[in-house]
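Following: one structure in structure tokens, then a few remarks.
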Amino acid sequence: MMLLWLIVIPLLGALLAQPAEHWQRHGSRWLSLAVLTLEALVLLFLGPQESGDWWLQQRAEWLPMLGIGWHLALDGLSYLLLWLTVALALVSVLISWREISERVAFFHVNLLLSVAGIVGVFLALDLFLFFVFWELMLIPMVLLIAIWGHDNRRYAATKFFIFTQASSLLMLVAILGLAFSHQQQTGTLSFDRDALLRLSLDPALAWWLMLGFFVAFAVKLPIVPLHTWLPDAHTEAPTAGSVLLAAILLKTGAYGLLRFSLPLFPEASAGFAPVAMGLGALGVLYGAKLAFAQDDMKRLVAYTSVSHMGFVLLGIYALNGLALQGAVMQMLAHGFSTAALFIIVGMLYERWHTRDLRRLGGLWALLPRLSGFTLLFALASLGLPGLANFVAEFLILAGAFQRHWPLTAVAALGLAGAALYSLLLVQRSLWGSGRRWSPGRTARCASGACCPRWRWRCSFSDCIRSLFWIWCVFRWRGYSKCR
């Protein structure tokens, strides 16, 4: 019953948000904080447990004639992602306290509905129920972008809706294909994951069904070339929307691959692994390249997600424990570091009314504390040793190296790209004097003519040294195994 309350609590909060705003000024805001705090207390009560594969399970009939039921379960993976969801949802309420001034109650209705859908996605093991929650988390996010976003918000919301709904349709077709296959083999219709795991599928059918799931989850991850909705959605969304989108919704794609795609189609996934790893390596490099080319600070951070989630895809399809641990850690580390960067961009935009890196500069002297946090999370995004992103990326590369070393070597070049776009973000926003530049000097520095060359030489040499040490570690691991 406790698992059901994790979904019901934010749903009840969404229903009460509108009346709460009429009862008291800021009532919907305080209600959202109370609801999410209660959600955190329930999660804390559930806590880590050692009782087999699942800590808790809950089953109930819903539509037995159609083989649809309530099957919720909690394990370590979903527990970590639920904590990530609740923590960043609380932060989203706080950072939107002053930013959102119109239709405040409806904003919190959509935020809590989206949280309820995300929680359901991380708990549902009935595939039809999973699809219902998958849709529930998407529609409120579209409204958050379309109503409270920036100038080009309707275009971004429409693009996000088209991409996600088209991919969701493919997943629905794949889910129905699995259910009908179960009916053909057993005589009963079922959408339950445990029942579908026992199916014996024709290899060709399994390949196509796996592809339907993969495309749906790949759009949400996202991977190149299905990523084009992401920069517009992130750039136009309000700060809270960007935090939810980057830190939580992207993780539902990786979670779907781990929870459903790999277990349901093990042979097809193993055969598809080199292609998926190639797409992951491509995403790492392509996202880093596009991030480096951006002048909009928020768009730069958005493209870093494409690069980081490329590492996640690489780790998932390396199909070994080391890389999978790295992929899960990357999901969590990316969630916190990218959410922090989006919050910082939102705070800067509220103060300076611009996100253009060509106009920013000298913020360290004006906002030293905020600049310190900017430097910290930029270094986290870079993968500085000692921070969680470094540990995650190292585990992914170490595991993927055992599976396919040429693709891993290509993906490792993304570490140099991460150093370049992170240092670009820091150098152009925190140092210099962009707001006091003359138009001629602004034009020269936009082309890179006035950037101190020694900084770029030091950055490049640091990247080369880092890659050399990673290569030495991989060679040492291989030598140890040979002995």
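Where a number appears in this text, it was derived from the coordinates with a stated rule and is not lab data. Model, not experiment: these values are computed from the prediction. Methodologically, a virtual Cβ is constructed for each residue, glycine included, from the backbone with ideal geometry; neighbour enumeration extends over all protein chains shown.
List of remarks:
- Here the 3J(HN,Hα) profile of region 339-353, calculated from phi with Karplus coefficients 6.51, -1.76 and 1.60 at θ = phi - 60°, is 4, 4, 5, 5, 5, 5, 4, x, 5, 5, 5, 5, 8, 10, 6 Hz, Gly and Pro shown as x.
- Where Cα atoms sit under 21 Å apart: lysine pairs in the chain separated by 8 or more or lying on different chains: 8
- Amide proton proximity set for T228, modelled H, under 5 Å, gap of 5+: none
- Pairwise centroid distance, computed over Cα atoms, of region 107-123 with region 364-408, Å: 29
- For region 136-190 versus region 25-100, the gap between their alpha-carbon centres in whole angstrom: 21
- Taking 0.36 nm per residue of separation and subtracting the Cα-Cα distance, full extension of the segment from L170 to Q57 would add 37.9 nm.
- Value at 222 nm in deg cm²/dmol, rounded to 500, when DSSP H runs of n ≥ 4 in the chain each add -39,500 (n - 2.57): -25500 deg cm²/dmol
- Of the residues H227, H108, the one with the fewest other Cβ atoms within 10 Å heads the list, and the complete ranking is H227, H108.
- When Rg and the Kirkwood radius Rh are both evaluated on Cα atoms of the chain, their ratio Rg/Rh stands at 0.98.
- Multiplying the residue separation of S101 and H353 by 0.36 nm and removing their Cα-Cα distance gives an extension gain of 89.1 nm.
- Mean silhouette area of region 43-129, derived from the convex hull of its C-alpha atoms and averaged over all directions, reads 7.2 nm².
- The HN-Hα couplings worked out from phi for region 239-256 by the Karplus form 6.51 cos²θ - 1.76 cosθ + 1.60 (θ = phi - 60°) are 4, 4, x, 5, 5, 4, 5, 6, 7, 10, 4, 4, 6, 5, x, 5, 4, x Hz, whole numbers, x standing for Gly and Pro.
- Where Rh is the Kirkwood radius over Cα pairs, Rg/Rh for region 300-421: 1.05
- With a cut-off of 20 Å on the backbone N, the residues of region 105-126 near the modelled label site 7 Å out from R25 along Cα-Cβ are 105-108.
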